[in-house]
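K.L.:
Submitted below is the structure of interest, expressed as structure tokens.
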Protein chains: 2
Amino acid sequence: QSGPASEIVYGHRGMSLEEDLNVTNRYYIETDQAVIYKKPTPIQIVHVDYPKRSAAKITEAYFRRASTTDYNGIYRGRYIDFEAKETTHENYIPLKNFHRHQVEHMKRIKRHGGIGFIIVKFTKRSEIFLLDADYLAAAWDESLNGGRKSIPKRIFQDHGSLIPQKYLPRVDYLQNVCEVYF
Amino acid sequence: QSGPASEIVYGHRGMSLEEDLNVTNRYYIETDQAVIYKKPTPIQIVHVDYPKRSAAKITEAYFRRASTTDYNGIYRGRYIDFEAKETTHENYIPLKNFHRHQVEHMKRIKRHGGIGFIIVKFTKRSEIFLLDADYLAAAWDESLNGGRKSIPKRIFQDHGSLIPQKYLPRVDYLQNVCEVYF
Ligand SMILES: [Mg+2]
Ligand SMILES: [Mg+2]
């Protein structure tokens, strides 16, 4: 081990996966390793006030469902695209955590030569896995044909890869991307 | 000419560039040519009401400045990133249409092997150009050293490429991307 940056600290319980990924992505940008961002939450704006001497104020708006995944960007010249989810279930993640548009989006990305995956945190044991989008797509398609409505943790263990959790970066998923896709 | 899809219709005055690009990007997705989206506008949410039997309602929120460009995605296996702007000036676009973070973002994208450019519409003559992000970066850096605070249209004519405007897709910038980057 070479100092705090490579120290593995299992835990950060209480930190949401999204928060950890945002800090991680900022670290990747600052260290010039990758340029990956979370997209803003899509909002349907209904009413805006424009006060005389201050900033425009949105007074009525609603959350919209995203038609794509939450994260995308570039790493080592490749287009990267993923969705991140937490599950409190010990042995599976329900497919209802994902939306049809997201699954279709990831299929498109892969067809066009991009790297697409999901990052899933099993919060009970604080384990975070990267799993290629093909496995999500397969589980999704099977569920439409009467198959199970979830992805078992076994799939993540057998076909995904466990993401190292450290002090900095917190969720070092680019290590996994490197191993799996390069 | 082979029918309406390839008919060049200069104009669409009244249509904003953003609207034209959204329709164009939808067309690219439907025809499976590329997967490029506009990112949602970033919003700072201050207050949300959660009514009993209806959707969560945002009652106080503010617009935030984007730290990246508005559009990104994948085309022929390459990461694509751009910002789109209109100018009413006949012979230049002021640099204040762009933000420092956007220029830095585009420099990063190019350094990591992505394709980065701006799309600028000169509304007076309804001409739309694609210009590689390097020219924006150069103009930006010169302006910081006392140079002019705008990019002359001449730069677009000499180093950019004129985007064909058609019925479908309206602003066919992938033709230009093909010519310039592939
Ligand atoms: Mg999401
Ligand atoms: Mg913008």
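K.L.:
For A:Leu162, are the conditions met, namely being surrounded by 14 or more Cβ atoms within 10 Å (Cβ to Cβ), touching a residue at least 24 places away in the same chain (Cβ under 8 Å) and either within 14 Å of chain B (Cβ to nearest Cβ) or not hydroxyl-bearing (Ser, Thr, Tyr) (or both)?
P.N.:
Details: surrounded by 14 or more Cβ atoms within 10 Å (Cβ to Cβ): no; touching a residue at least 24 places away in the same chain (Cβ under 8 Å): yes; either within 14 Å of chain B (Cβ to nearest Cβ) or not hydroxyl-bearing (Ser, Thr, Tyr) (or both): yes.
So A:Leu162 fails the test.
K.L.:
How many residues are in contact with a Lys or Arg (Cβ under 7 Å, 6 or more places away or on another chain) and either of a type in the set (Asp, Glu) or within 16 Å of ligand 2 (Cβ to nearest atom) (or both) if we restrict to the range A:61-81?
P.N.:
Residues flagged as in contact with a Lys or Arg (Cβ under 7 Å, 6 or more places away or on another chain) and either of a type in the set (Asp, Glu) or within 16 Å of ligand 2 (Cβ to nearest atom) (or both) within the range A:61-81 amount to 1.
K.L.:
Taking the stated definitions as given, is B:Ile45 more than 16 Å from ligand 2 (Cβ to nearest atom) and more than 30 Å from B:Arg154 (Cβ to Cβ)? Reasoning before the result, please.
P.N.:
Numbers: more than 16 Å from ligand 2 (Cβ to nearest atom): yes; more than 30 Å from B:Arg154 (Cβ to Cβ): yes.
Here the answer is yes, as B:Ile45 does meet what is asked.
K.L.:
Same structure, new question: One residue is enough: does the range A:42-53 have a residue meeting the conditions facing another protein chain (nearest Cβ under 10 Å), under 18 Å from the mean Cα position of the chain (by Cα) and within 16 Å of ligand 1 (Cβ to nearest atom)?
P.N.:
yes
K.L.:
Check A:Ala66, A:Ala56 and return the single one that is in contact with a strand residue (DSSP E or B) (Cβ under 6 Å, 6 or more places away or on another chain), within 14 Å of chain B (Cβ to nearest Cβ) and not acidic (Asp, Glu).
P.N.:
Details: A:Ala66 fails: in contact with a strand residue (DSSP E or B) (Cβ under 6 Å, 6 or more places away or on another chain).
Sole residue among the options that is in contact with a strand residue (DSSP E or B) (Cβ under 6 Å, 6 or more places away or on another chain), within 14 Å of chain B (Cβ to nearest Cβ) and not acidic (Asp, Glu): A:Ala56.
K.L.:
Given the criterion of a type in the set (Val, Ile, Thr), touching a Phe, Trp or Tyr at 6+ places or on another chain (Cβ under 6 Å) and within 25 Å of A:Arg76 (Cα to Cα), identify the matching residue among B:Ile80, B:Ile163, B:Ile109, B:Ile74.
P.N.:
Working: B:Ile80 fails: touching a Phe, Trp or Tyr at 6+ places or on another chain (Cβ under 6 Å); B:Ile163 fails: within 25 Å of A:Arg76 (Cα to Cα); B:Ile109 fails: touching a Phe, Trp or Tyr at 6+ places or on another chain (Cβ under 6 Å).
Every option except B:Ile74 fails the conditions.
K.L.:
Okay, moving on. Does any residue in the range B:82-100 that is within 16 Å of B:Gly160 (Cα to Cα) and within 13 Å of ligand 2 (Cβ to nearest atom) come within less than 6 Å, Cβ to Cβ, of a residue that is modelled with pLDDT of 95 or more and part of a helix (DSSP H, G or I) six or more places away or on a different chain, and which pairs are these?
P.N.:
Correct list of pairs: B:Glu83/B:Gln102; B:Ala84/B:Leu17; B:Ala84/B:Leu21; B:Lys85/B:Asn97; B:Glu86/B:Leu17.
K.L.:
Which of the residues spanning the range A:22-41 are facing chain B (nearest Cβ under 8 Å) and in a strand (DSSP E or B)? Give the derivation first.
P.N.:
Taking the range A:22-41 first, the residues facing chain B (nearest Cβ under 8 Å) are A:29, A:32, A:34-35, A:37, A:39-41.
Of everything in the range A:22-41, those that are facing chain B (nearest Cβ under 8 Å) and in a strand (DSSP E or B) turn out to be A:Ala34, A:Val35, A:Tyr37.
K.L.:
Oh, and also: Of all residues in the range A:168-177, count the ones that are among the aliphatic types (A, V, I, L, M) and assigned to a helix (DSSP H, G or I).
P.N.:
Taking the range A:168-177 first, the residues among the aliphatic types (A, V, I, L, M) are A:168, A:171, A:174, A:177.
Still in the list and also assigned to a helix (DSSP H, G or I): A:174, A:177.
Going through the range A:168-177 one residue at a time, the tally reaches 2.
K.L.:
Here's another thing I want to ask about it. Regarding B:Val177, is this residue aliphatic (A, V, I, L, M), touching a residue at least 40 places away in the same chain (Cβ under 8 Å), within 14 Å of another protein chain (Cβ to nearest Cβ) and within 27 Å of A:Gly77 (Cβ to Cβ)?
P.N.:
Numbers: aliphatic (A, V, I, L, M): yes; touching a residue at least 40 places away in the same chain (Cβ under 8 Å): yes; within 14 Å of another protein chain (Cβ to nearest Cβ): yes; within 27 Å of A:Gly77 (Cβ to Cβ): yes.
Yes: the conditions hold for B:Val177.
K.L.:
Considering the range B:84-106 alone, what residues qualify as being buried (at least 18 other Cβ atoms within 10 Å of the Cβ) and within 14 Å of chain A (Cβ to nearest Cβ)?
P.N.:
The answer is B:Gln102, B:Val103, B:His105, B:Met106.
K.L.:
Among the listed residues A:Gly116, A:Gly73, identify the single one that is in contact with an Asp or Glu (Cβ under 9 Å, 6 or more places away or on another chain), on the phi > 0 side of the Ramachandran plot and within 14 Å of chain B (Cβ to nearest Cβ). So that I can check it myself, show each step before the final result.
P.N.:
On the way: A:Gly116 fails: on the phi > 0 side of the Ramachandran plot.
Checking each option against the conditions leaves just A:Gly73.
The values are calculated or read from the model by the stated rules, or taken from the named source; none is laboratory data. Just so we're clear, the structure is a prediction, and the values are computed from it rather than from any experiment. Cβ atoms come from the backbone with ideal geometry, glycine included; neighbour counts cover every protein chain shown.
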